[in-house]
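K.L.:
I have a structure here, written as structure tokens, and I will follow up with some questions on it.
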Amino acid sequence: MAALRRLIIRTSNPSSLLISHRGITSKLFVGGLSLYTTEKGLSDAFSQHGQVVEAKIVMDRVSDRSKGFGFVTYASKDEAEKAIAEMNGKDLNGRVIFVDYAKPKHNFGGGMPIARGPPDSADKIHFQDTGIEN
């Protein structure tokens, strides 16, 4: 227990560590958000249904505007279930929102293409007219 306490003290966000340590699945996906919804507004709306640990709106990197969806993390699974029941299909800032459990993030290679080497000789196309190999 003392080791866990030391780890929590060194961590910048101890509540997220505690949630992952306990294995609680309490992260919700919230879709259909208005462009005017802020993280504070999202947190305030969902805090009526339990203790919100984090509210995050996903932003476009180029335009720095909301992509229209975000995530809300609750301290317990029961609070998350209550929020899904109460908030799914409700109006928030003039838009109907959709709430469900967030799916796990998949890593699809990190964005860099994989170098596969030169093509096989069977893959080469021969242009007989010009003598050019592709």
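The values are calculated or read from the model by the stated rules, or taken from the named source; none is laboratory data. As the structure is a computational prediction, the values presented were derived from the model and not from experiment. With ideal geometry, Cβ positions are generated from the backbone for all residues, glycine too; neighbour counts draw on all protein chains shown. With ligands, DNA and RNA removed, areas are computed over all heavy atoms of the protein, side chains included. Shrake-Rupley method; radii C 1.70, N 1.55, O 1.52, S 1.80 Å.
K.L.:
How about segment 57-76: which of its residues are among the β-branched types (V, I, T) and more than 16 Å from the chain's Cα centre (by Cα)?
P.N.:
V62
K.L.:
If a residue must be free of Cβ contacts under 8 Å to residues at least 12 places away in the same chain and either over 19 Å from T38 (Cβ atoms) or surrounded by 13 or more Cβ atoms within 10 Å (Cβ to Cβ) (or both), how many such residues does segment 60-76 contain?
P.N.:
The qualifying residues number 2.
K.L.:
With respect to E79, determine if the residue is among the charged types (D, E, K, R), buried (at least 17 other Cβ atoms within 10 Å of the Cβ) and over 18 Å from the mean Cα position of the chain (by Cα).
P.N.:
yes
K.L.:
Take the residues in segment 42-59 that are of a type outside the set (A, V, I, L, M, F, W, C) and either assigned to a helix (DSSP H, G or I) or farther than 15 Å from K77 by Cβ (or both), then tell me which one is most open to solvent (accessible area, probe 1.4 Å).
P.N.:
Per the stated criteria, the residue is Q48.
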